[in-house]
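The values are calculated or read from the model by the stated rules, or taken from the named source; none is laboratory data. These figures come from a predicted structure and were not determined experimentally. Note that we place each Cβ from the backbone using ideal geometry, even for glycine, and neighbour counts take in every protein chain shown. Just the protein is used for accessible areas: all its heavy atoms, side chains included, with ligands, DNA and RNA removed. Shrake-Rupley method; radii C 1.70, N 1.55, O 1.52, S 1.80 Å.
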Amino acid sequence: MAMLEIRGVSKAYGRTPVLRGVDLSVEPGELMFLLGPSGCGKSTLLRIVAGLIRQDAGSVVLGGRDISALPPESRNTPMVFQNYALWPHLNVAENIEFGLKIKKLPREEIRKTVDEMLGVVGMTEFKKRKVNELSGGQQQRVALARALALNGDILLLDEPLSNLDARLRDLMRTEIRRICKERNLTALYVTHDRREALSVGDRIAVMKDGVVLQLDSPRALYSRPANKFTAAFLGDADFPEAKCLRIENGVAVFGTQLGELRVRLDGQPVRPAQNDICTLMIRPEAVRTDVDPASVNSFPCVVRDSVFLGETTGLTMDASGFTLHASESAAPERRPGDTITCSVPPDAVAILPPDLHDVNVEQTAR
Ligand code: ADP
């Protein structure tokens, strides 16, 4: 498996820029996600790696070799598509062996590879079945087996699970991660589904408007986003504005609408100085409820709304005029008007610069 380097790749359709100087490296054996809202350029970037679209500027280097000018069939970059793109008139085995026959591999090798890949995706018993007699989930397994059989330098996946129902999606994403890790595959995986990216990826490149805004591990992106866009795209959060009052012992003390909040500086993307204005990020599951009013970072809240969701209950609360959301588990039923003392642990709050993401986009686009 090879390392992929995307260097300064730009692309415009007509006069509309779609990719604006994207740099991205995928390590050998790494499962890298491109995550972002629809239209941000993810598929275009993936197709440029596959050679299906030609970039206007920049290069694609795979395993140390510049493949920018090669046609798709010379790149060794098999791809799994959202709509499976299988041959409906061929059976499962014939679909998987199709690409191997084009490569003119020996017959015995083809047979062995097909059997092995059927085993990997759990479809051995469907070997002779016509693909149009399979469910969506089974068809996607065949499409995955077909791509794996080509033994590429990198596996490309373009929204491979979007046509499946929620339960099957959960199952398949675990399977895809298992297969990639067992076979030490380098993979580039496009999705707009944050749960897919968070649960499957080694690292995630968060994209917006043709640039990579932030690249990091799922946990780091979720708990320490560098900007408000990433924070909100990866999960629910509230963003109180805050003024840094002082720094003491590795903690920044902020004045906010919720009252004074102490935030640990360890691992924060932003190091505030006294009097700086920042935006804080508080995830609903980080809010503690029914705490001692004397505890650190505590403040009173009035319940406005409570939604029971099974494992958790979602609370919308008023904290001195600021709307704060909390996610509670195993808590008593709340009613509008109930007063609760809440707190946020100093290490569960992220410090974001105000409007950094806009600055970022402009700087990267230049
Ligand atoms: P994503 O995969 O993030 O949803 P795409 O890479 O598919 O985004 O598309 C990025 C932008 O480029 C979108 O605004 C889309 O409408 C536009 N686009 C994609 N393909 C073409 C094309 N062949 N011609 C013109 N515009 C295109």
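Annotations for the structure displayed:
- Debye log10 I(q)/I(0) at q = 0.10, 0.20, 0.24 Å⁻¹ for the range 1-97, Cα point scatterers: -0.31, -1.06, -1.33
- The chain: calculated mean residue ellipticity at 222 nm from DSSP helix runs of at least 4, using -39500 (n - 2.57): -8000 deg cm²/dmol
- Computed over the range 202-311, the P(r) curve from all C-alpha pair distances, binned at 5 Å from the origin, holds 2, 10, 18, 20, 19, 15, 10, 5, 1, 0 percent per bin.
- With 19 Å as the limit on Cα-Cα distance, the pairs of LYS130/LYS181; LYS11/LYS208; LYS101/LYS127; LYS104/LYS181 that go past it are LYS130/LYS181; LYS104/LYS181.
- Net charge over other residues, Cβ less than 15 angstrom from the Cβ of ILE110 (K, R count +1; D, E count -1): +2
- Within the accessible area of the range 61-163, the carbon and sulfur atoms contribute 51%, probe 1.4 Å, all protein chains present.
- Hull shadow area, averaged, the range 241-365 [alpha-carbon convex hull, nm²]: 9.0 nm²
- Of all aspartates and glutamates in the structure, the ones whose alpha carbon falls short of 16 Å from that of LYS103, not counting any fewer than 8 places away in one chain, are GLU73, GLU94, ASP153.
- Exposure check, 1.4 Å probe, all protein chains in place: HIS192 carries approximately 100 Å² of accessible surface.
- Computed over protein heavy atoms with a 1.4 Å probe, the carbon and sulfur contribution to the accessible area of the range 242-292 reaches 41%.
- Neighbour-limited loop hits for trypsin sites (Lys or Arg not before Pro), the range 127-212 (at most 16 other Cβ within 10 Å; DSSP other than H, G, I, E, B): LYS127, LYS128, ARG129, ARG183
- Given the chain, longest segment not containing exposed loop GluC sites (Glu not before Pro) (DSSP; at most 11 other Cβ within 10 Å): 1-310
- Within the shell of other residues whose beta carbon sits under 14 angstrom from the beta carbon of THR16, the net charge comes to +1, with Lys and Arg scored +1 and Asp and Glu -1.
- Calculated over the range 115-154, the projected area of the Cα convex hull averaged across directions stands at 2.9 nm².
- Options LEU90, SER217, LEU62, ranked by Cα towards positive dipole end of the chain, top entry (Cβ charges): LEU90
- Between the helical axis of 107-120 and the longest alpha-carbon principal axis of the chain there is an angle of about 20 degrees.
- The alpha carbons of the chain occupy a box of 75, 48, 37 Å along the principal axes, longest dimension given first.
- On Cα atoms only, tilt of 166-182 relative to the major axis of the chain in degrees: 70 degrees
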